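Colleague: Let me give you the structure first, and then I'll get to my questions.
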Amino acid sequence: MKDINLISQSHQQKRERQNSGMGQKLGIAALVVLALGALGYGTLTILQAKIEAKQVAIAQKIKEAAPIVELKNNIQVRQDKINQLSGIVDLVVAQSTFNTRIFDRISSVMPENVFIVNYALSQTGDLNIIGKAKDRDSIAYFIYNLKGSGLFSDVYLSNVSGTASNATESNPTGLTEYNFSALLTMKK
C-alpha cells in the first residue's frame, strides 16, 4: 500500500500560489514604478522645454532692451557731468559772493592813500594782499582797521619796504611810497 500524503502537496501548491502571487505583485510594483518614472521623465522634459522657451524669450527681450539700457547709461554719464559742473558753478558763485563781501569790507576800512595792488585767496581761506601806501602810518592804520573789522581771525603784516626816489625840496627823504604785504586769515 502506498501512502498518499495530501498535506504536503497542498502545502507545495499553496507555496507555488503564494510565489506566483508574489511575482505578480512584484511585477505590478515594477510596472507602477516604471510608469511613475516615465511620467516624471515626461514632466521634466516638458518643464525643460518650457524653461528653454522662456530663456529664448528673455534673451530676445534683453536684445530688444539693449538700446534702452545704453541710453540709460548715457543719461547717467551726462547726469554725472552735470552734477560735477553744477558743483563747480556753485563753488565759483560762492567764492565770487564771498570775495565781493570781503572786498567791500576791506575797502570800507582802507585809508585814502592805501592801494591794494594784488591779492590771492588760498583754498584754506587765507587772503594774501599786496599793496602800496604813501606812508607807514597809513599802513599801520589799515592793518589796525582790518583787525577790528571782525572778518579775520588773524591779520599779519609780513613785509613793509620803501621805494626810494631822488630827494627834492618837497620830499627831502626821497621816499615816495611804501610797498607792503599782509596775510589775512578768515574766521571759520
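The values are calculated or read from the model by the stated rules, or taken from the named source; none is laboratory data. Predicted, not measured: the structure shown is a model, and the values here were computed from it. Ideal geometry is used to build each Cβ from the backbone, glycine not excepted, and the neighbour counts take in all protein chains shown. What goes into the accessible areas is simple: the full protein's heavy atoms, side chains included, and nothing from ligands, DNA or RNA. Shrake-Rupley method; radii C 1.70, N 1.55, O 1.52, S 1.80 Å.
Colleague: Here are Ser149, Ser170, Ser107, Ser153: which of them is within 30 Å of Val92 (Cβ to Cβ), at pLDDT below 90 and open to solvent by 70 Å² or more (accessible area, probe 1.4 Å)?
Modeller: None of the other options fit; the residue is Ser153.
Colleague: What's the total number of residues in segment 116-145 that are surrounded by fewer than 16 Cβ atoms within 10 Å (Cβ to Cβ), more than 45 Å from the chain's Cα centre (by Cα) and of a type outside the set (D, E, K, R)?
Modeller: Qualifying residue count for the region: 2.
Colleague: Among the listed residues Arg105, Arg101, identify the single one that is in a helix (DSSP H, G or I), farther than 14 Å from Ser181 by Cα and in contact with a Ser or Thr (Cβ under 8 Å, 6 or more places away or on another chain).
Modeller: One residue alone meets the criteria, Arg105.
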